[in-house]
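What follows draws every value from the coordinates through simple rules; no lab data is involved. Just so you know, these numbers come straight off a predicted model, no measurement behind them. Neighbour counts run over all protein chains shown; Cβ positions are idealised from the backbone, glycine included.
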Amino acid sequence: MKKYIRVLLLAALVCSLLAGCSIETKSSKDSQDESKYHLYYLNESETVLREEPYSPGEETADFMVKDLMQKLGSKDAPDGEISLLPEDVSINSYEVQKDLLVIDFSKEYSKMSKIREVMTRDGVVQTFLQIPDIHKVQFTVGGQPLTNSRNQEVGEMTSDTFAQYTGKDKESYRYDTFTLYFMDKNGKNLVKETRNVYYRRSLPKERVVLEQLAKGPMEEGHYATIPDSSLVLSVITSDRICYINMNSTFRDETPEVGGNISIYSVVNSIIDSCDVDRVQISIEGSTEGNFQDSLPCRRSRIVSVQRWLCASTKSLSRGRFSAFSASGKNSRAVCSAS
């Protein structure tokens with residue numbers, strides 16, 4: 001039976017010290033030269049940052065701040081790309097305070113989807129950090145500090161705030177060990193599998209985890225949790241939340257077992273292998289609907305998540321979820337009854 005899902009919102013808290021944001025950035029096909037400065041745009045599906053070469057009339061902070069503000073506010077974009085700012089978002093004002101640039105946006109900025117906002121924020125910060133003597137960027141919205149998904153002030157952003165995966169240096173590889181979760185033969189519990197992977201540095205670790213899950217297990221007695229034809233359309237990590245956009249195969253061809261096992265498989269694998277606290281999964285950008293008729297995305301609740309063993313399928317199928325929280329490594333997966 002087809003599973004009807006438009007989004008799946010899951011969150012799981014783990015103990016980790018690192019933070020940051022990872023976003024894929026690609027150069028335009030027509031701009032393979034190593035330009036010193038760039039303008040940033042989004043692809044039409046709002047999943048990847050695109051960069052185009054930029055040549056300022058003067059390489060001074062005064063000129064470049066004004067010029068780049070005008071270009072950002074104009075909303076102009078090359079064919080096949082879209083402006084960082086949506087049409088209804090405007091720049092109210094900006095101020096340079098020594099090496100800090102403070103930009104105030106209209107209140108419509110807060111209406112952007114979380115993924116679009118993260119992409120926009122990253123593109124804008126990259127744009128202005130190119131300017132000589134500008135080392136920090138801060139956003140306000142309607143005169144108030146920009147806050148993240150935890151309602152905490154984002155504050156000053158620097159070159160260390162965003163980890164960029166530009167696709168350059170394609171011959172550069174790295175070797176990492178990942179912890180992946182598959183299911184047992186009964187389809188009721190998750191089983192852990194450690195895998196060493198040699199992969200391009202340009203790939204975010206979150207994408208590597210998902211691709212390895214799609215390849216299936218390598219150990220006897222372990223079974224696949226997601227279809228091998230699942231495709232990752234985009235992966236964004238910001239504020240320690242990983243936003244995953246999958247193709248419809250992930251929804252339509254998930255193995256006929258306790259459906260939520262597949263979701264726990266993805267969440268546990270991402271959290272154990274990457275520097276994230278929570279995971280949100282959407283299907284082809286859509287954020288409505290149910291997963292396998294039993295897991296409403298927006299109105300569900302969960303008490304805690306176990307990182308190494310999933311609760312029974314029966315319990316999960318009755319659970320209603322909206323967010324995960326956990327108190328430590330050994331927290332158990334417990335679902336509230338619907």
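Within 10 Å of each candidate Cβ there may be at most 12 other Cβ atoms; applying that plus a DSSP loop requirement, which GluC sites (Glu not before Pro) in the range 154-253 survive? Display every interim value, and only then the final one.
Details: sites: E156, E171, E193, E206, E211, E219, E220, E253; in loops: E156, E171, E219, E220, E253.
Sparse-neighbourhood loop GluC sites (Glu not before Pro): E171, E219, E220.
Of all beta bridges that DSSP places with both ends in the range 46-163, some 60 percent have antiparallel geometry.
Please report F250, F139 as a ranked list, fewest other C-beta atoms within 10 angstrom at the top and most at the bottom.
Final ranking by Cβ density, sparse to dense: F139, F250.
Could you put K205, K188, K98 in order, starting from the residue whose Cβ has the fewest other Cβ atoms within 10 Å? Let's see the in-between values first.
Working: K205 23, K188 17, K98 9.
The order, fewest Cβ neighbours first, is K98, K188, K205.
The GluC sites (Glu not before Pro) of the range 31-93 that DSSP puts in a loop, and whose beta carbon has at most 15 other beta carbons within 10 Å, are E34, E44, E58, E59, E87.
Close amide H partners of V191, meaning residues 5 or more places away or on another chain with modelled amide H under 5 Å apart, are F182, M183, D184. For M119, M246, M112, M64, the sequence from fewest to most other C-beta atoms within 10 Å is M112, M64, M246, M119. Annotation: amide H-H contacts under 5 Å for G285 (H modelled 1.01 Å from N, sequence separation of 5 or more, or interchain): M246.
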